[in-house]
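The values are calculated or read from the model by the stated rules, or taken from the named source; none is laboratory data. Every value quoted in this text rests on a predicted model; they were computed, and no experiment measured them. All Cβ positions, even for glycine, are placed from backbone atoms using ideal geometry, and neighbour counts span all protein chains on display. The protein model used for the area step is the full one, side chains on, heavy atoms only, and it has no ligands, DNA or RNA in it. Shrake-Rupley method; radii C 1.70, N 1.55, O 1.52, S 1.80 Å.
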Amino acid sequence: NRFKLPVGKYEFKETIAPEGYVLSSEVGNFEIKEDGEVVKATLSNRPMMSNLKVYKIDIEKRFHLAGAEFSLTDKNGNEIKKVTTDEEGVALFKDIKLGKYTLTETKAPEGYILNDSSIEIEVTKDSEVIELYVENTKIPEASVEILKVDANNKDKTLGGAKFELYDANKKVVASGTTNKQGILILPKLPLGKYTLRETVAPNFYQLSDKDRKSV
């Protein structure tokens, strides 16, 4: 707005902030000199912002889970921030401007299934803390039990056979030796495809050259 003022010094204060900005508490000053020169002053506005706090929890036991990665994108699909949950299972997105956003889990905590449900968020108030709880289901697990027997006598069990279990990336995930009853029980593992390989044969027996693959 333009209006005529006499020569002199003036103060001004903002009464209505621009949309999406916090009302300035500053007092501005300017001076109109006799030669018509105006010494200008400006006021600054801070954008309205909030914090988004995401809690990552176990769907069954309500554990807080570290290592979950979240991506926050704006209404145009542009990624604003990417944050990973800390040891307390919290991902904190600081200083998010007012507007509409989408929260997506991009990496699940270790041992859990990715939660691929996107969450729509609207930030409407300055300095508000928005809290969300996002659940994950644990990856199902199963035990592997191995029974080692004589090829010509299925009733004769064999102890002392050593085995290694490989995952789909050919990494050893479990190993052990059959007991006197010819039994080896491997620890629980996530469902998936595995390969079992005998690495040491029982005494007086030939090492098996056949790998057993899970279905």
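Each residue of segment 46-51 is assigned a 3J(HN,Hα), and the resulting list reads 8, x, 5, 9, 9, 10 Hz, derived from the Karplus form 6.51 cos²θ - 1.76 cosθ + 1.60 (θ = phi - 60°), x at Gly and Pro.
What number, in percent, do you get for the relative contact order of segment 112-215 if the mean sequence gap of Cα pairs under 8 Å and at least 6 apart is divided by its residue count? Mind showing how you got there, number by number?
Working: 174 pairs, mean separation 25.3, N = 104.
RCO, segment 112-215: 24 percent.
Reported value for segment 45-134: 90 Å³ per residue, from the convex hull of its C-alpha atoms. Applying the Karplus relation 6.51 cos²θ - 1.76 cosθ + 1.60 with θ = phi - 60° to segment 171-176 yields 3J(HN,Hα) values of 9, 6, 10, 6, 7, x Hz, where x marks Gly and Pro.
Of the chymotrypsin sites (Phe, Trp or Tyr not before Pro) found in segment 160-215, the ones in coil according to DSSP and having at most 13 other Cβ atoms within 10 Å of their Cβ are Phe204. Taking amide hydrogens as placed 1.01 Å from N in the peptide plane, the amide H of Lys97 sits under 5 Å from those of Ser50, each at least 5 positions away in sequence or on another chain. Here the accessible area of the chain is 49 percent carbon and sulfur, with a 1.4 angstrom probe and all protein chains present.
Suppose all protein chains stay in the model; what accessible area per residue would a 1.4 Å probe give for the chain, in Å²? Walk me through the numbers before you get to the answer.
Details: 15140 Å² over 215 residues.
Per-residue accessible area for the chain comes out at 70 Å².
What the Kirkwood sum gives for segment 34-86 is a hydrodynamic radius of 15.7 Å, with every pair of different alpha carbons counted. For the chain, the Cα gyration tensor yields ellipsoid semi-axes of 71, 15, 12 Å (square root of five times each eigenvalue, largest first, whole Å). Beyond 16 Å, what percent of the Cα pairs of segment 91-145 remain? Considering segment 91-145, 55 percent of its Cα-Cα pairs are separated by more than 16 Å.
Computed from phi, the 3J(HN,Hα) profile of segment 18-26 under the Karplus parametrisation 6.51, -1.76, 1.60 (θ = phi - 60°) reads x, 4, x, 10, 7, 4, 6, 9, 6 Hz, with x in place of Gly and Pro.
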